[in-house]
1. With everything on Cα atoms, drop me the angle between helix A:385-427 and the longest principal axis of chain A, reported from 0 to 90° to the nearest 10.
2. Could you pull out every residue, at least 5 positions away or on a different chain, whose amide H is within less than 5 Å of the one on A:M601? Hs are placed 1.01 Å off N in the peptide plane, and Pro or chain starts have none.
3. Hey, can you grab everything whose amide H is under 5 Å from the amide H of A:E65? Only 5+ residues off in sequence or another chain; H modelled, so Pro and N-termini drop out.
4. For the peptides A:513-520, B:54-61, what is the packing order when you average, over each peptide's residues, the other Cβ atoms within 10 Å and list the highest mean first?
5. Using each residue's phi in the stretch B:33-44, evaluate 6.51 cos²θ - 1.76 cosθ + 1.60 at θ = phi - 60° and report the 3J(HN,Hα) Karplus result to the nearest Hz, with x for Gly and Pro.
6. Per the Kirkwood treatment, what hydrodynamic radius in Å, one decimal, follows for the stretch A:474-522 from the mean inverse distance over all distinct Cα pairs?
7. Looking at the square roots a ≥ b ≥ c of the eigenvalues of the Cα gyration tensor of the stretch A:199-252, which shape do they give, rounded for a/c under 1.5, prolate if a/b is larger than b/c, or oblate?
8. Please work out the ratio of the alpha-carbon Rg of the stretch A:348-395 to 2.2 N^0.38 Å and round it to two decimals.
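What follows is calculated from the coordinates using simple rules that are stated; it is not laboratory data. Just so it is clear, the structure is predicted and the values come from calculations on it, not from any experiment. Counting neighbours? That spans all protein chains shown, and the Cβs are built from the backbone with ideal geometry, glycine included.
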Amino acid sequence: MDKILEVKNLKISFRTQGGTLKAVRDISFDLERGETLAIVGESGSGKSVTSKAILGILAGNSIVEGGEILFDGKDLLKVPEEDMQQIRGDKIAMIFQDPLSALNRIVKVGPQITEAMLLKNKAARKSSRKEFNAILALLKENMIAVFGKEAEGKINEMISTFDKFNVEAIRLEEDYNVAYNRAEELNADIVEFRFLVEKKQKVNIKDGLNDISKKLKQIKNGFLTVGKDEQIAALAADVASAAKAYNEKTNNDLTAVDATLETIASLLKGLIESTRPNFFRIGYYSMKNPGVNLTETPVEQLNETTLKYLDDNFMKEFIQMETAGVKHSFDNSVEAKKAVLALLPEIRAYFAAGNLDKKSAKEQVKKAADAVNASIDRLDTNKDSTAYTFASALESAVAKYFKAVVNNPKEEARFERQSKKREALIAKGKTVDWKVVPKVVYDLDDLIGNIVKIIDTLQKKYEADVANAANVDMNARAIALIDYLKAKASQVVYKLTKRMAKEQAIKLMDEVGIDEPRIRFNQYPFEFSGGMRQRIVIAIALSANPDILICDEPTTALDVTIQAQILELINRLKRERNLTVIFITHDLGVVANIADKIAVMYAGKIVEYGTADDVFYDPRHPYTWALLSSMPDLDTNEKLDAIPGTPPNMIYPPVGDAFADRNKYALKIDFEMQPPQFEVTPSHWAATWLLHPDAPKAEPPHIITDRIERMKKKNGGNENA
Amino acid sequence: MPEERNDEVLLRVEHLCQYFRSGKYENKAVDDVSFDIKKGEVFGLVGESGCGKTTTGRSIIKIYDITSGSVYFKGQRVTAGTRSYRDAIKEAKQRIGDEIKALKANGADDAQIAAKKAELAEIIAKNKAEIASAKHDSKYSDRDYAATLVAQVKAEYEEKMKNASPEELPALKKKFRHDLNVAKKTKLITKIQMIFQDPVASLNPRMTVKELIAEGLVINGIKDKQYIEEKVYEILELVGLVREHAGRYPHEFSGGQKQRIGIARSVIMRPDMIIADEPISALDVSIQAQVINLLNELRDTLGLTILFIAHDLSVVKYFSDRIGVMYHGKMVELASSEELFAHPLHPYTKSLLSAIPLPDPHHEKQRQRITYNPAAVHDYSENKPSTRELKPGHFVYCNDAEEEAYRKELGL
C-alpha cells in the first residue's frame, strides 16, 4: 500500500481574547490509499481542526505553529492558496455534519451538484489557453538558443505553423464538439422525455416533440454526420409531423412516435460512439491544403493519411528541433542547479549561524530564491514541487523568525508585568480571579532549524537531480511536451455544457442511492429527508472524483436507520472508487463498522492509535476506556461510567497528561509529565503512563471487560457455527 | 423493579391523532396512538425522524391543539380533539340518509322513516355533547384545576385565620393572598414539563441562569425574591451545578451544562412528569452519560415519571422500562424493554434493532441490516390492521394473518 497523506508533528493554535488556545498539539499519522482512518474524540479535542488544516480552511485566527501535511509531494500547510484551490474539493473533498447548512436552501439540488463541474471545466479551459501560449513561447526561446540567430526565421515559422495548425485543429474540433455535444444532449433529452411520458409525469408532449425535432435538425457537422444528413432530416420531419398530429384532448397512440424516438436514439448513439477524428493531424492537413473536402474519406482512413502527411512534412523535423530545445532547457537547468548547489552552503551557513540581520537575510533569501527559480526547467511537464515551492517556503520561514524576534521580548515583558501585578495584588491580600496569560515565546533556534531544513531538502533533491542528469531520456521528454500541448489544446475546446453536466450529475445521484434522480434533480433541499440530503452532499463531494474524502460527523444529525444506510453508502463508495476516508466522529459505536484504523484524540493529542480490533478489543488508554464505558449497549444494566468534569481549557494546557484531572486511574506522574507513546503491538500504541513497566497494574472498568468478553464469546460462537 | 411500583396510571393517551394541514393535503403526523404511562416509570418512544414521536410529546403538553382523541393526566382530561365526533356525525348523516332514501323508494310507511330520523338525531346529539365536553376540557381543565386549588387554599386559611391572634393576622393575611394568587395561576399542565433537544436553542441568551430557571416560578405568580433565589440554588445543586453559576449567561457553559440548565428549568416546577425530547442527541458521548445518570438520579429523588423520546436505541433500552416504537404516525409495537429487544415482532422494529451500531468490529463487519419496506411486507388490502395485545403488555399493530404468524413466533 502506498501512503497518500502524511501528517507530521502538526501543531495548530488559535488566537483568542484570553490567549493562544492550543487546539492541536503535535499529532502525526499516515494514511494509506483505500484505507479509512477514524478520528474519535469529544468536541474541542481538535479532530475537526486537523481535518480543516488538511483542506486549508482553518479559521482566520489560526496559527500553524509547525508540522507538515504531505500530499502528492506537496506540503499542504505551505502551498499557496492558488495551488490549494486545485486540491481542495478536487483531490480532497469534505462532507460536513449538517447537510442542510452545507447546501444552499434556495437553489435546487441539481444545479448545486453541477456547479462545481461547470466551474472546474471553465477554469480548466481558461488556464489551458494561457499555459499553451506560455509553453510555446518558452520552447521557441530555447530552440533559438540552440540553433542560433540564423535559424530564427525558420524556427519562428515552425512555431507559428505549430500554433496555427493547432488553432485550425481547435476550430475544427470546436465545430465537431458542438455537433457532438448536441447529439449527446439530444440523446439525454430523449431518454428523459421517454422516461417522463412513461412515468406519466407532467410533460407537454407536443412541445417536447417539437423541441426534439428542432434539435435534431441542428446536429450537423461534416465529420460527424457525414452521409447521415438526409436520414436525420427525414426523422426530424417525422417527429415534427407527429407533434403536429398530436392532440392534447384525444387519446393519442404514441407507439409510432416512440418507435421513431427509439430509431433516433440509436442513431445518436451510433454518432456518439463513432471514431473521433484526430484533429491534431487533420488540422495540419487542412491548413496546408485549404479547400480539400476531407469529409468524403472515412474517418479511420483520414486519421491514417493525415498522420503520414503531418509526419513527412512537418512533425519529424519539428520534433527533432523541439528535442534539441528541450535538451537545451534541461542542460541549462542542470547547470543552474549546480550553481545553486555551489551557492547553498554559503546561504545555509549564513542562516545556520543564527542572529540574523533583517536586511542581509532578505538579500540572502532573494539570492537563493532567484537562483532556484532560474534553475527550474520550465519545459519539464513533471513539475518539481520542492523547487517550485522553495522561494515561498523560505520567505515565510524567515518572516516567522523576524516576527518572533520582535514579539518575544514584548511577550516576556508583558508576562513579567502581569505576573508582578498579580503578585503585588496577592501580597496585598486581595483575591485575584484572573490568571496571567502564558507567554507565547518561540524558540528562535527552532525557527532557524526550520529554515535550514528547507534548504537541506532542496539540496538533497538537487544533488540527486544532478547525479541523475545523464540518465534522462530527452526523446521521451520531447514527446511528453507535445502531448502536454495537445492535451492543453483540446482542454481549451472541451466545453462541458449544462446539459451534459446534468447527465453526469444524474449518474452520480443514482450511484449514491437516490431513487428517480431525474425527478429529484429539480427539487429543493427542503424536499429531501435528512438522509437523502446527506446523500446529495456526498454526491457533490464526489462530483470532482477526489482521492481523499473527509467526513466530519456525517451521521451525527441523523437517526439510527439512516445512519446505518449512510455508513453503508460510504463503505460501498470507498470500495468502488478506492477512496481514502478520514472519518471524524465522537461516537465510537459508529466507527466499528467503517474504520480500519482509529485515532482517539483528547485535548489536541492522539492518545491511542491502532486498528479497529486493537482499540475495541484491547483498549489501553483510560480515556478510551471512559469513552467505551460511557455509552450503554444493549446488555448494559448498571450505572453508566460518566467521565466527570469537562475537557481542560486549552489556553492553559496542563503540564502532564491532559486527561489526568478526569482520570480515576491517574498516577502522580500524570500530573507532572506528559506520557510518551508506549507501543503495545507494532500497529497499536497509547500515550499513558499506565503502560510503563514500573506502573501499577490497572484493569479497565469491568463494564468494558465484560463487554469484550461477551463480544469474544459471541464472535467465537459465530465462527464455529 | 416494576413490581415495587404501583400501577397507578399517570398519563393516558387515547386514540391521539394530530394532523397538520399543508396545502391541499393533510399530513397525519400522529394517527390513532394510544398508550398509558404508569407513575414512576420511564416510557421510551423511538422511531426515525418524522415518525411523529416529537409531535406526540408536544401534543400531550398542549403545544398543539390535537385533532382527535383524548389525553388524561392524573385522571383529568387535559386535552381532547373533536374530529372523530364530527366524522361520526357526518358518517351517520350519510348512512341514515341513504337508508331513508331506500325506504322511501320501497314505499315504507312514515313510522319507519320517523324512527330512522330519531336515530339520527340521537347520534347527532350524543356526538355534539361529546364535542362540547371535549372543547370544555381542552379549554378549562387548567381553570378547573386552579379552582380546586383555590378552594383548598381558602379552606385551609379559613381555619387558620379563625384561630389566629390579632398580631399574627396581618402576616397570615399576606401569606394567604400570596398563596391564593399562586393557586389561581397554577395550571395542571405545568405538572408536565419538557426538556428540549437542543440546549443552545432552548435557552434565551440574554437571560442569566437564575432568570432562566426562575422564569417558571415567576410566571406562576411567586413574587418572593428570597424564596425564588433559594429555590434556584437548591435546584442548581440538584442538577450538579453550583451556586456561582446563577449569575452567568448560557453561552458561558458547555453543552452538557446547558442541558443541565434545561433540566433545572423543568424540574423547578416540581412536575410529576417530564417529557424529554431527545435530550442527549446533541451532546458528546461522555456528556450523554452524565445527563442520563442525572435523569436517573432525579427520577429516584423526585419520583419523576419520564416520557423519553430518542432515536438512539441502546440508550433507550438502558433507560426505559417500556418502549413504544412508532412508524409514520402509528404505534407499531409496544412492550417492556426486555421483551421488545428479546422478541421483536413487527418488521419495522426488527429493522430498527438491526441498525444499532455496536462497538464490536467483527460483529459490525458481518452485520446484515434488515430493510423495512411496508409495501412488500404487509398486505392490508382486505384485512385491516389494528393494535392487538399478543402477550400481556406486548402490543403489536397487525391484522389477523400477521397476528397468527406473530403468535407462532412467540410460541403461544
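1. 30
2. So A:M601 has HN proximity to A:V40, A:G41, A:V607.
3. Counting only residues 5 or more places away or on other chains, the set is A:K11, A:I12, A:S13.
4. Final packing ranking: B:54-61, A:513-520.
5. Taking θ as phi minus 60°, the curve returns 10, 10, 6, 10, 10, 7, 4, x, 9, 10, 10, x Hz for the stretch B:33-44.
6. After inverting the mean inverse Cα-Cα distance, the result is 13.5 Å.
7. Because a/c hits 1.5 or more and a/b exceeds b/c, the stretch A:199-252 counts as prolate.
8. 1.32
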